[in-house]
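Structure, as structure tokens:
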Amino acid sequence: MARSFYTRLQRQLQQKGLRHTLASLYQRVQYRYRYLRDDVLFDKRYGVETRRIESAYLSQQQSDYLDSAEFYEPSRWRHFSRMLAHLPIQPADFHFIDIGAGKGRVLMFADRAGFRRITGVELASQLVETARSNLQRYQRKTRSTAEIALRCEDVAFFQVPAGNLLIYLYNPFRGELMQLFLDKLQQAQQGGRLIYVLYRNPACADLFAARPGLQCQVLNRDYGVYQVISTRQ
């Protein structure tokens, strides 16, 4: 393995030069460091398993919108905390909802951030069971008293609850299902409450931009932050 690495390094030096090679090495080291810090150490600290990417489960699901679904990939605290920092809210005043909750990592983030009512919605029963096991370990470890619920549910049938909401999306689906979900959010906003959306990896930012009821607070290549406002006269 070491010989293979040095062979590739030598070839890159010859083809790309010293400056490009050093930049490439730095990026690789930085990626490995972040993976260790954000994924491996997080799981080890709380005795959970959230870091492994999953996709095979998708073929076992039943939904009219399965073609719109994306595979599971874990969120990272640095992105979550940056998104949250854009909002002038008190977490205890909001119901946090993770749509496409996967293995439950973001539900743990929400608890760390101070939310007291937390809900994860996930289509795949396999991931829900993993998330439930993870959350039991996490709450025993941290002695968290937050109200954390998991729902195995197709988001096409999701009913937006009452009260102030913070919705989290890590690119869980696209296309027609995203349109349907945004319809639900806008129909639920009749004024008198606050609804925000944290959108990691905003692949459908164009769909958000096309809706006057979704007010963009921040948008970059990593995430978008939106407020759902009432458009009723």
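Rule-based calculations on the coordinates, nothing more; no lab input. These numbers come from a predicted model, not from an experiment. Counting neighbours? That spans all protein chains shown, and the Cβs are built from the backbone with ideal geometry, glycine included.
Values computed for the structure shown
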| item | result |
| --- | --- |
| Rounded FRET efficiency, nearest 0.05, which uses the C-beta distance separating Gln62 from Ile89 and R0 of 30 Å | 0.25 |
| Extension gain, Glu147 back to Ser81 (0.36 nm per residue minus Cα-Cα distance, nm) | 21.7 nm |
| Global geometry of the stretch 50-172, whether rounded, prolate or oblate, following the gyration tensor of its Cα atoms and the 1.5 cut on a/c | prolate |
| Candidate lysines - alpha carbon under 26 Å from Lys44, same-chain residues fewer than 8 apart omitted | Lys103, Lys141 |
| Helix-only mean residue ellipticity at 222 nm for the chain, each DSSP H run of n ≥ 4 adding -39500 (n - 2.57), per residue, nearest 500 | -12500 deg cm²/dmol |
| Using distinct alpha-carbon pairs, which all enter the 1/r mean, Kirkwood radius of the chain in Å | 19.3 Å |
| Per-pair calculated FRET efficiency, R0 = 45 Å: Gln14 and Leu219 via Cβ, rounded to 0.05 | 0.65 |
| Cut-off under 5 Å, modelled amide H: who pairs with Ser230 long-range | Gly191 |
| Amide H contacts under 5 Å for Val218, placed H, 5+ residues apart | Val225 |
| Length-normalised contact order of the stretch 56-228 in % [C-alpha pairs under 8 Å, at least 6 apart] | 22 percent |
| Gyration tensor (alpha-carbon) shape descriptor, the stretch 146-233, a/c threshold 1.5 | rounded |
